[in-house]
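Inspection log for the structure reproduced underneath, given as structure tokens.
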Amino acid sequence: MNRMFFIALALFALMAGLMPAQVIAPASAMDHAQHQACIKECHKCGEVCKKAITYSKKKGGELANAKHINALEDCASACRISEDYMTRNSDLMKKTCALCEEVCRKCAESCDTFKDDAQMKACAEECRKCADSCKKMQES
């Protein structure tokens, strides 16, 4: 399901009086901006990792080794879960952000082993951006 579905569902529940407004919105404008930025970073990182999986499998060799592919798959999965929890403003979103931060950093390390590959370099950079954003979410 996509993000718009969850947003529409939350708005419906809010209007129907099924949930209080404070569940939808973070406490402050600063929190809200960080929240939205982290959702976008997780989405972007997940997409970059999915493309990197396809690319790595197609290129073969060391790029297709199981440990590297698992790091990419873990990252794409953690980003998707974290994005979902933040979109729903789940009480557990800071915990998923902590996991996402850790997984993104491990994925960046894996991608960094392919120093001469531009796509892996771009993936590592995006993973670090997402990890930094998730760290900020945990602190907010």
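Where a number appears in this text, it was derived from the coordinates with a stated rule and is not lab data. Bear in mind the structure is a predicted one, so any value in this text is a computation, not a measurement. Every residue, glycine as well, gets a Cβ built from its backbone with ideal geometry; the counts of neighbours run over all protein chains shown.
Within the shell of other residues whose beta carbon sits under 12 angstrom from the beta carbon of Asp31, the net charge comes to +1, with Lys and Arg scored +1 and Asp and Glu -1. By the count of other C-beta atoms within 10 Å, a proxy for reagent exposure, Asp116, Asp132 are ordered fewest to most as Asp116, Asp132. How much net charge surrounds Ala124 when only the other residues with a Cβ under 9 Å from the Cβ of Ala124 are counted, with Lys and Arg +1 and Asp and Glu -1? Net charge in that neighbourhood comes out at -2. The fewest-to-most ranking of Tyr85, Tyr55 by surrounding Cβ atoms within 10 Å reads Tyr55, Tyr85. Estimated from the Cβ-Cβ distance and a Förster radius of 22 angstrom, the FRET efficiency linking Lys58 and Glu102 is about 0.20. Extension gain for Gln36 to Gln138 (0.36 nm times residue separation, less C-alpha to C-alpha distance): 35.4 nm.
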